[in-house]
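Worksheet for the structure shown next.
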Amino acid sequence: MITTLTFFTGLLIGLPIFITLLLGTLVFLWQADITILMSSLPIQLYGALNQNGLLAIPMFMLVGELMNKGGLTSRMMNAAEVFVGGFRGGLAYVNLLTNAMAASILGSATAQISVMSRLMVPTMVEKGYNKEFSASVTMAGGLLGPIIPPSMLMIIYGVVAYQPIAILFIAGILPGVVIIAGFAAVIFITGITKGLPKGESHQHGNRRKVLISGLLPGAIPVTVIVLIITGVTTPTEAGALASVMAFILGKFVYKAITLGDLPKMLGATAINTATITGLIGVASVFGWSLSFEGVPDMMVAYITGLTESPVMFLMLVYLLVILLGMFLESISVMIVIVPIILPAAISYGIDPVHFGVIISLATLVGLVTPPVGPGLYIAMTATDLPMGRLFKAMLPFLAAMILSMLIIALIPAISLWLPSLM
C-alpha cells in the first residue's frame with residue numbers, strides 16, 4: 001500500500017517516471033524488510049541494460065530524426081496523395097496512409113502525432129476540412145506508430161519480456177492493417193454523412209515524378225522488414241542500415257541535410273535513448289524486487305481467481321492498461337506492467353508474441369483519452385482546439401480502434417499467422 005501511495009504521489013507532484021519508479025523500489029524494499037537487496041541494485045541495473053536488443057532503440061530513433069530533417073515524410077505524403085487523393089475525403093485518406101508509412105519509421109505515437117499535426121492539419125483545413133475532424137484523423141493515424149514495424153514499443157516489449165524482436169515486428173503487420181481498415185471505414189462513413197471535400201488527382205506526368213520522389217523514402221521501411229523477415233540482418237543491423245539510407249537520401253538526393261545538422265540529431269537521439277533505457281533499467285529493478293517477494297505469482301493467483309477464460313483475462317488487461325495509459329506514456333506503461341502481468345498471460349496459455357501485440361494496442365488508447373492523454377495535448381497545442389471538442393471528434397476513431405482490438409484479441413491468428421511462416 002505504501003509503495004502504491006509513493007508511486008502515485010510521485011506522479012501527482014510531477015516527478016519524472018524514472019525517479020518515481022526508483023523511489024517506489026526503495027520504499028518496497030524497506031516495507032518488505034529486504035533492504036539487504038539494495039546493495040545488489042547497481043548489478044541489477046547493469047544487467048537490465050546489458051542486452052543487445054536495446055541497441056535497436058537509438059538506431060530507429062536516428063532514422064526518425066533523419067527522415068524528418070530530410071523532408072522524407074512530406075514526400076511520402078505526396079506519394080500517398082497519388083493513390084487516394086482523388087477520393088471523397090481524399091486528404092483524410094492521405095493523412096491515414098502517410099501515417100501508416102511514417103509509422104514504420106518514427107515508431108512513436110506521440111512523435112508521430114506531433115509531426116503530422118504540424119504537417120497535415122493546416123493543409124486539410126485549407127482544403128475545406130473541419131479542423132476537429134482533421135486533428136482527429138491525425139491522432140488516429142498516430143496510433144499506428146507503435147504497432148506497424150519497426151516499432152519502438154515492440155523493441156521494448158521484446159527486451160522486457162525476453163521475446164524475439166524480429167518476430168514481434170512481423171506480428172504487428174496484420175493487426176496494423178486491421179486498424180487502418182477500421183479508421184478508413186470511419187472516414188468513408190463520415191464522407192457520406194457529412195460530405196467531405198473531394199480530392200484532386202495528379203496529372204499523369206506529375207504523378208510519376210511524385211511517386212518516384214515519395215517511394216524512395218518508402219523503400220526504407222520495406223528494406224528493413226524484408227531484411228529482418230529473411231534473416232539477413234538483426235533488427236539492430238537493419239536499423240543501422242536504415243539510418244544510412246535515410247542520411248544518403250536526405251543529404252545527397254534531396255539535399256535537405258547538412259553535416260552541421262548531424263550533431264543536433266545525434267544529441268537528440270542520445271537524450272531520447274537515455275530516457276528510455278533509464279526507464280527500462282529502473283523498471284527492471286522494480287520488477288526484480290517484486291519477483292523476489294512473489295508479487296507476480298500473487299497477481300496470477302488473484303486474476304485466475306476472477307476468471308478462467310483467456311478472453312476475459314485479455315479484456316481485463318485491456319481495461320487495466322487503458323486506465324494506466326490515461327496517466328502514463330505508453331512506454332512507461334509497457335515497462336511497468338509487462339513483468340507483472342506476463343506470467344499470468346502465460347498461465348492462461350496465451351502466446352507471449354500475441355500478448356505483446358495486445359498490450360501494445362492497449363497502451364495506445366490512453367494516449368488520446370482524458371484526463372492526461374499526451375496525444376490529446378500534443379494535438380491541442382498544434383491546433384489550438386479545446387480538449388472537449390477534440391475528444392468528441394476522436395470518438396468514432398476510438399470506437400473503431402476498440403472494435404479492432406477486440407477482433408485481434410479474439411482471433412490470435414491475426415498476430416501469429418505471419419510469424420508462423422518465418
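The values are calculated or read from the model by the stated rules, or taken from the named source; none is laboratory data. The shown structure was predicted, so the numbers you read here are calculated from the model rather than taken from an experiment. We place every Cβ from the backbone using ideal geometry, glycine too, and count neighbours over all the protein chains shown. These accessible areas exclude ligands, DNA and RNA; they are computed on the full protein's heavy atoms, side chains included. Shrake-Rupley method; radii C 1.70, N 1.55, O 1.52, S 1.80 Å.
Computed on protein heavy atoms with a 1.4 Å probe, the accessible areas place Tyr254, Tyr318 in the order Tyr254, Tyr318, largest first.
Tell me, what is the Rg over Rh of the stretch 218-301, with Rh the Kirkwood radius over Cα pairs?
Using only Cα positions, Rg/Rh for the stretch 218-301 is 1.20.
When all alpha carbon pairs of the stretch 129-244 are counted in 5 Å bins from zero, the resulting P(r) reads 2, 10, 14, 16, 16, 16, 12, 8, 5, 1, 0 %.
Can you sort Ile192, Ile173 by 1.4 Å-probe accessible area, starting with the largest?
On the way: Ile192 115, Ile173 45 Å².
The ranking, largest first, comes out as Ile192, Ile173.
Arrange the residues Phe252, Phe183 by how much accessible surface each exposes, largest first, with a 1.4 angstrom probe.
Details: Phe252 120, Phe183 0 Å².
Sorted by accessible area, descending: Phe252, Phe183.
Distance between Cα centroids, the stretch 392-416 to the stretch 144-167: provide it in whole Å. The two parts, judged by their Cα centres, are 19 Å apart. Phi angles of the stretch 409-421 translate, via the Karplus equation with coefficients 6.51, -1.76, 1.60 and θ = phi - 60°, into HN-Hα couplings of 5, 7, 10, x, 4, 4, 8, 9, 5, 4, x, 5, 7 Hz per residue; Gly and Pro are given as x.
Within the same chain, lysines fewer than 8 places from Lys392 are excluded, and of the rest, those with a Cα less than 17 Å from its Cα are Lys131, Lys194. In the chain, Cα pairs under 8 Å separated by at least six residues give a relative contact order of 24 percent. Rolling a 1.4 Å probe across all protein chains gives Ser284 an accessible area of roughly 40 Å². Under the convention that each Lys and Arg Cβ holds +1 and each Asp and Glu Cβ holds -1, the size of the dipole of the chain around its Cα centre is about 1600 debye. Note: relative contact order over the stretch 304-422, using C-alpha pairs below 8 Å and six or more positions apart, is 28 percent. Put simply, the amide H of Arg88, placed in the peptide plane, has neighbours under 5 Å in Gly199, leaving out anything fewer than 5 places away on its chain.
Relative contact order of the stretch 205-322: what whole-number percent is it, with Cα pairs under 8 angstrom and at least 6 residues apart? It would help to have the intermediate numbers written out before the result.
Details: 28 pairs, mean separation 13.1, N = 118.
This gives 11 percent for the stretch 205-322.
Rolling a 1.4 Å probe over the protein heavy atoms of the chain, with every protein chain left in place, gives an accessible area that is 70 percent carbon and sulfur.
For the chain, the per residue solvent-accessible surface stands at 42 Å², with DNA, RNA and ligands left out and a 1.4 Å probe.
Compactness of the chain is given as radius of gyration and Dmax, 21.5, 74 Å, from Cα positions. Within the assembled protein chains, the solvent-accessible surface assigned to Thr223 is about 40 Å², based on a 1.4 Å probe. Using a cut-off of 20 Å between alpha-carbon atoms, which lysines can reach Lys251, once sequence neighbours fewer than 8 places away in the same chain are excluded? Straight-distance partners of Lys251: Lys69, Lys209, Lys264.
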